[in-house]
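This report concerns only the one structure given below.
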Amino acid sequence: ELPKRVQLKEVGPRDGLQNEKGFIPTEEKIKLIDRLSETGLDYIEVTSFVHPKWIPQLADAVKVLKSIKRNPNVTYAALVPNMKGLERALECNVDEVSIFMSASEGHNQANINKSINETFPILKEVVEGALAAGKNVRGYVSTVITCPYDGYTEPTQVVRIAEKLFEMGVTEISLGDTIGVGVPTQVDTLLIEMLRHFKSEQLAMHFHDTRGTALANVMTSLMHGITKFDSSIGGLGGCPYAKGASGNVATEDLLYMLQEMGIETGVQLERVTEVALSMENVLGKKLSSKQVMIARGE
Ligand code: HMG
Ligand code: MG
């Protein structure tokens, strides 16, 4: 039996905008987040407090988080890689902290300049600091299906990393198919292994749609009882430190599918599609989600 209700975690302002070539003006980022806050979404990842040299697109993280209108029904989260990032995030009173690392050495090294074993103590400190400040912590594990540098990822390796992060005190882990290569049979294999160790409520899925398999992968996850999915307005997204990564599953396309299956989200499809459409002007390009194409009359 499929879940009756699903929570969407909007990552467009972070995963989406980190992967744009140009710098999106701070005012536009604030407007985007404020508009997303009025769609019924109750979770928005707004930016990241990583090194501005590594992700110049989000160098305005402090300004963005300090300037948005906080809707009390929305949790505003941000990525944090280390203590320096945590200081900046707490200074602007982020609601929730997201730590991140990869299941594979190659991507972990390329993305955060550390081996997997070097990463654990750094993240442990961040989790302890965030919890001490009263913040909930979410953990991302990237490259859970395949790594662009190391190839196929064994599900047992994903379990190993997730166990470490849960031990630190994260409440939920988002499993990332970072480069969007996964297919339903692989997601099935991964979730069978994960659900031997963890409850479905402890997991979220984060699918990139590089090869058009994201919605099929969502469906497979729903069949395993997963009720939390990351998605990005307009299907924006990608990791600059993962060769070949492109957009996340589009929030509006995911919403359409869930809505037509009778699964509640509390999010208004029309409003989300309007916000996505408005981003075409800001970004100076056409977006490729199906709902946006339909709204354009194509
Ligand atoms: P590093 O150079 O190894 O850092 O970078 P370091 O600790 O050696 O410090 C070097 C200098 O940077 C120091 O300054 C620090 O203060 C400064 P100095 O003393 O030399 O003057 N510094 C910072 N400044 C501001 N904010 C900070 C910060 N940290 C250090 N937070 C680091 C290591 C992790 C910082 C770097 O590699 C980095 O920022 N990487 C982030 C890459 C990234 O954001 N990738 C995209 C997000 S992950 C993703 O997209 C995947 C996901 O969507 C899930 C999926 O799809 O799978 C989440
Ligand atoms: Mg991502």
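Restricting segment 130-145 to residues that are touching a residue at least 24 places away in the same chain (Cβ under 8 Å) and away from ligand 1 (no atom under 13 Å from the Cβ) leaves a set whose member that is farthest from Glu193 (Cα to Cα) is Ala133.
Within 16 Å of ligand 2 (Cβ to nearest atom), out of contact with any Pro (no Cβ under 7 Å at 6 or more places or on another chain) and of a type in the set (Val, Ile, Thr), is that true of Val170?
On the way: within 16 Å of ligand 2 (Cβ to nearest atom): no; out of contact with any Pro (no Cβ under 7 Å at 6 or more places or on another chain): yes; of a type in the set (Val, Ile, Thr): yes.
For Val170, the condition - within 16 Å of ligand 2 (Cβ to nearest atom), out of contact with any Pro (no Cβ under 7 Å at 6 or more places or on another chain) and of a type in the set (Val, Ile, Thr) - is not met.
For the criterion of being crowded, with 23+ Cβ neighbours inside 10 Å and of a type in the set (A, V, I, L, M), Leu190 passes.
Evaluate the following for Ile55: is it over 18 Å from the mean Cα position of the chain (by Cα), crowded, with 20+ Cβ neighbours inside 10 Å and aliphatic (A, V, I, L, M)?
On the way: over 18 Å from the mean Cα position of the chain (by Cα): no; crowded, with 20+ Cβ neighbours inside 10 Å: yes; aliphatic (A, V, I, L, M): yes.
Against the criterion (over 18 Å from the mean Cα position of the chain (by Cα), crowded, with 20+ Cβ neighbours inside 10 Å and aliphatic (A, V, I, L, M)), Ile55 does not qualify.
What about Leu258, is it surrounded by 16 or more Cβ atoms within 10 Å (Cβ to Cβ) and more than 16 Å from ligand 2 (Cβ to nearest atom)? The answer is yes for Leu258. Only one entry in Ser98, Ser104, Ser37, Ser67 is touching a residue at least 24 places away in the same chain (Cβ under 8 Å) and under 22 Å from Tyr149 (Cβ atoms), namely Ser104.
Residues of segment 18-57 that are part of a helix (DSSP H, G or I), more than 11 Å from ligand 1 (Cβ to nearest atom) and over 15 Å from Arg271 (Cα atoms): Thr26, Glu27, Glu28, Lys29, Ile30. Restricting attention to segment 82-101, which residues are in a loop (DSSP other than H, G, I, E, B) and over 12 Å from Val137 (Cα atoms)? Hits for segment 82-101 are Asn82, Cys92, Asn93.
On the given criteria, is Gly234 of a type outside the set (D, E, K, R) and out of contact with any Leu (no Cβ under 7 Å at 6 or more places or on another chain)? Reasoning before the result, please.
Values: of a type outside the set (D, E, K, R): yes; out of contact with any Leu (no Cβ under 7 Å at 6 or more places or on another chain): no.
Considered against the rule, which asks whether it is of a type outside the set (D, E, K, R) and out of contact with any Leu (no Cβ under 7 Å at 6 or more places or on another chain), Gly234 comes out as no.
Only one entry of Glu91, Glu118, Glu87, Glu1 meets the criterion of being closer than 30 Å to Thr273 by Cα, of a type outside the set (Lys, Arg) and free of Cβ contacts under 8 Å to residues at least 40 places away in the same chain, and that entry is Glu1.
Among residues of segment 214-243 that are closer than 25 Å to Glu274 by Cα and free of Cβ contacts under 8 Å to residues at least 60 places away in the same chain, those with a beta-carbon under 8 Å from a residue that is charged (D, E, K, R) and assigned to a loop (DSSP other than H, G, I, E, B) at least six positions away or on a different chain give the pairs Leu215/Asp209; Gly235/Asp209. Restricting segment 1-50 to residues that are at pLDDT 95 or above, more than 14 Å from ligand 2 (Cβ to nearest atom) and of a type in the set (Asp, Glu), the residue that is surrounded by the most Cβ atoms within 10 Å (Cβ to Cβ) is Asp42. Of the set (1) surrounded by fewer than 21 Cβ atoms within 10 Å (Cβ to Cβ); (2) closer than 27 Å to Lys114 by Cα; (3) at pLDDT 95 or above, all apply to Ser246 but (3).
The single condition from (1) surrounded by fewer than 23 Cβ atoms within 10 Å (Cβ to Cβ); (2) under 18 Å from the mean Cα position of the chain (by Cα); (3) of a type in the set (Phe, Trp, Tyr) that Tyr152 fails is (2).
The values are calculated or read from the model by the stated rules, or taken from the named source; none is laboratory data. The structure presented is a predicted model; accordingly, all values stated were derived computationally and were not measured. Cβ coordinates were reconstructed from backbone atoms using ideal geometry, including for glycine residues, and neighbour counts include every protein chain displayed.
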